[in-house]
Amino acid sequence: MNTRREILTVANAVDGKLGLTHLRMDPAVLAQQAVVAEDGGNPQLAENFLRAAELATMDDEDVMNLYEALRPHRSTGAELEALRVSLERRGAARCAELVRQAADAYTRRGLLR
Amino acid sequence: MQELGRFRVLDEKPVNLDGFSVADADLGLVAMHSPHDPSPSLVVDGDVVTELDGKPADAFDVIDEFIARYGIDLTVADEAMALDDAVLARMAVDVNVPRAEVVRLIGGTTPAKLARVLALMSPVEMQMAMAKMRARRTPSNQAHVTNQLDDPLLIAADAAAAVAYGFREVETTVPVLGDAASNAVALLIGSQVGTPGALAQCSIEEALELRLGLRGLTSYAETISIYGTEQVFVDGDDTPFSKAVLTSAYASRGLKMRVTSGGGAEVLMGAAERCSILYLESRCVSLARALGSQGVQNGGVDGVGVVASVPDGMKELLAENLMVMMRDLESCAGNDNLISESDIRRSAHTLPVLLAGADFVFSGFGSIPRYDNAFALSNFNSDDMDDFLVLQRDWGADGGLRTVSPQHLASVRRRAATAVQAVYRDLGLADYDDERVEQVVAANGSRDLPAGHPKMVAEAAASIEARQLTVFDVVASLHRTGYPEEAESIMRLTRERLGGDQLQTSAIFDDQFRVLSKITDPNDYAGPGTGYVPGDVRRAEIDAIRQQRSTAELTADQAEHQNHILVSDVEPARQGSDPREVCIGLSPAWGRSVWLSLCGLTVGEVLRQISAGLEEEGCVPRLVRVRSTIDVGLIGLTAARLSGSGIGIGLQGKGTALIHRRDLAPLANLELFSVAPLLTPQMYRELGKNAARHAKGMAPVPIFTGGTDESISARYHARAVALVALERRACEPGEPPVTVEVRRA
């Protein structure tokens, strides 16, 4: 955990050793912050951090694509189901569940493509 | 009908440029309650909500759906929903009920329930509740930093100025979308000059904003807009589910975020579903909590004019902030939109928040001139900075800001502008010359700058995008070009962010990169003598406005006129017998330590005019120093009793003067010039003439001063107090009056 942060130095930036992956949170840090949030009485904030821990393992484009897919009238039911399965497969269970819930709600409210 | 003078004047007042609407529930134009607001209800089957605020699950829109799934603490819902609205409202206000208990119960309330609780409170009760319910103990403030040219040097200079003033979050946006990346880089650099640790954001379209954040060019986001009706939400091109992904996406890269709501947006979009502004905002706040957002910007954002146009509008805005606090979220308390053309109304909007305290008193104080604000004009702007600093001092209230000296301001503005100049050259983004830097340092705003090449910023931004520059490129460039402190601060900020403590509720970094949040700096207000109190250092910052002056400073100009006349004692003052004699009683400090009166005339000139007036009417002045009192009435009466005519004049060094008669009570003088700052040589001469007329038994001629619009008290009383202190020091109680002679030096 610490080494992950300690690599973020000016010298390493000057030497061109740092890239986008170094800006991602460590999922373990987010899990720890989720415990703090839960202990502080905010389980929703904790849930957000746990979803974020899943996104922290994805590259930027995958995160952007997930967001775009859930905007209104962007995806068909089948596309959301495929997205859900792929998230499930890569261990992003909470994000997968969110997509499942969205698919249900979008079907009922006419927000699918 | 005949035009009435009073209305002619009233019609010209700025408040009458504001629009005021007749409340209309069918349009949602109603603040605290609409007859169409649903009654609070919650039905739970197992751990599934089957009815929310009168709506069965199969009729849930996407907002209901999300709140029902995530937003309500079902373990306390039965208890909370069963409590009377008034009981909950009193618990929120009562200093004896701990914050945590209110938070626990409110967690089990539906949007309609919380709206009803808030609607019961008076504005003062809301302030009491805010003092207790805000999450972070130490208040803070956020600034808008934008300009019409998107000039990166100016953005950096203004960002450095903002953090010097004490803002801990700075927010930019663009008039021209293509400039966004340049603005973000300039803001990032400027915000770490002089005072490190402030968070920076660039508010643009959701997806583009996230992309800047993913590259580390911003450190927080707040314009993740949510709305209280499904129609408006979807028109905004999002759903609660997509917003939930955005919320988590920011957290996954260590970016603090909060959502933005704020009443009135649904009315503006014509889709308020006949509900009150407060109820729809309560839905937003419930949703914010359900999304896992740590905070909310509301209470005076884009729809503020709509809210302020209806009865109870300002109260509703305050209620929005309080709802956020009661749901245990960070309150970024609006005030970032100019609510009125009237200075009185816009102050009235902000003051309750300043006094009660909020995590951020403004969700965007316009740190730049009004015309340069690319969001909308803020409720307070750069030309209001002195007013705000004085308000903090007046009330001993911490609004997060402090005085900045011109030297320091110039120094950080120059450092920020040259840093951006260097980085833009180093990265091949743009070449700004040294003259531009100097223009930026001195500028009040973009109108003080030549426009420059119109495509320069767009090309710089396009280059940042084409090369997908990241925060690390900026850090490396700052280091290469001789800005190691700023490089280190930005890297430190990036590194600290990955620790995640700043993702907790209400987090800011102080200038030592310590996190202040609900976790590390929890609000512990529990009544008088508890909660946040500015420490000695902070108190001194609040008090030491640049306009304050010591007594010594206020009387420094006296020395410039010292000894312009010479006063010498002649003899102990005796009773005069000449019926044409009028004694002029001089105060203890007159011509001894006070040499300049408040109207700017020397004491010698004042005396010359009064004496000349007496002589023009055939009377003879005699000068008497009254040593035992500084009271101008007693001085005048003493002079009158010594005077052969029985008429005397009392004269203080600061210029206050009156006519007295020997048989009157001390306070019952014949004529009084009480407003010394407005007096003229002619008026003193007329005073002398009238004293003579009294002496001769003639009727005096009224002296009309014409009145004034000036706040005499505000302008002059600090100086008057300093001069009175000199009189008191010169006073010799018990010493008899002395006849004196005054000569020009």
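Only the coordinates and a few stated rules stand behind these numbers; no lab work does. Treat the numbers as computed from the prediction; the structure is a model and nothing was measured. Counting neighbours? That spans all protein chains shown, and the Cβs are built from the backbone with ideal geometry, glycine included.
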Computed over region B:207-339, the Cα gyration tensor eigenvalues, each multiplied by 5 and square-rooted, give semi-axes in Å (largest first) of 25, 15, 13
Working out 0.36 nm times the residue gap between B:Asp448 and B:Leu10, then minus their Cα-Cα distance, what length gain in nm do you get to one decimal? 154.2 nm
Helix check for chain A. Which DSSP H runs span at least 20 Å along their own axis by Cα, with a mean Kyte-Doolittle hydropathy no less than -1.0? A:93-109
Angle between chain B longest axis and helix B:277-291 axis [Cα atoms, degrees, rounded to 10]: 50 degrees
Compute the convex hull volume of the Cα atoms of region A:59-113, divide it by the residue count, and report the result per residue in Å³ as a whole number. 59 Å³
In degrees between 0 and 90, to the nearest 10, how far off the longest principal axis of chain B does helix B:313-326 point, with axes built from Cα atoms? 60 degrees
Taking +1 at the Cβ of each Lys and Arg and -1 at the Cβ of each Asp and Glu, which of A:Thr9, A:Ala37, A:Phe49 sits farthest along the dipole of region A:1-57 towards its positive end, judged by Cα position relative to the Cα centre? A:Thr9
Can you list residues whose amide H is under 5 Å from B:Val582's amide H, if they're 5+ apart or on another chain and H is modeled 1.01 Å from N? B:Val620, B:Arg622
About its Cα centre, chain B carries a charge dipole, from +1 on Lys and Arg Cβ atoms and -1 on Asp and Glu Cβ atoms, whose size in debye to the nearest 20 is 3280 debye
Under a crude label model (7 Å from the Cα following the beta-carbon direction), how far is B:Asp26 from B:His564 in nanometres? 7.3 nm
Relative frequency of Cα-Cα separations exceeding 28 Å in region B:378-529, percent: 42 percent
Let me understand chain B better: what is its radius of gyration from the alpha carbons, and its Dmax, in angstrom? 32.9, 106
Fraction of alpha-carbon pairs in chain A farther than 17 Å apart, rounded to whole percent, equals 63 percent
Spherically averaged projected area in nm², based on the convex hull that wraps the Cα atoms of region A:1-57: 4.2 nm²
As I understand it, the dipole of chain B uses +1 on the Cβ of Lys and Arg and -1 on the Cβ of Asp and Glu, about the Cα centre. Which of B:Val390, B:Ser34, B:Pro579 lies farthest toward its positive end? B:Pro579
With a Cα-only, solvent-free Debye model of the protein assembly as shown, what are the log10 I(q)/I(0) values at q = 0.08 Å⁻¹? -0.77
Starting from the Kirkwood radius over alpha-carbon pairs of region B:184-260, derive D by Stokes-Einstein at 4 °C in a medium of 1.567 mPa s and give it in µm² s⁻¹. 99 µm²/s
How big is the Rg/Rh ratio for region B:270-329, C-alpha atoms only, Rh by Kirkwood, two decimals? 0.96
Which angle between 0 and 90 degrees, to the nearest 10, do you get for helix B:603-616 versus the longest principal axis of chain B when only C-alpha atoms count? 50 degrees
Could you give the size of the charge dipole of region A:59-113 about its Cα centre, using +1 on the Cβ of each K and R and -1 on the Cβ of each D and E, expressed in debye and rounded to the nearest 20? 340 debye
Count of lysine pairs in the protein assembly as shown with Cα separation under 15 Å (8 or more residues apart, or interchain): 4
Mind giving me the nanometre distance, one decimal, between the label points for B:Asp536 and B:Glu710, set 7 Å out from Cα along Cα→Cβ? 4.0 nm
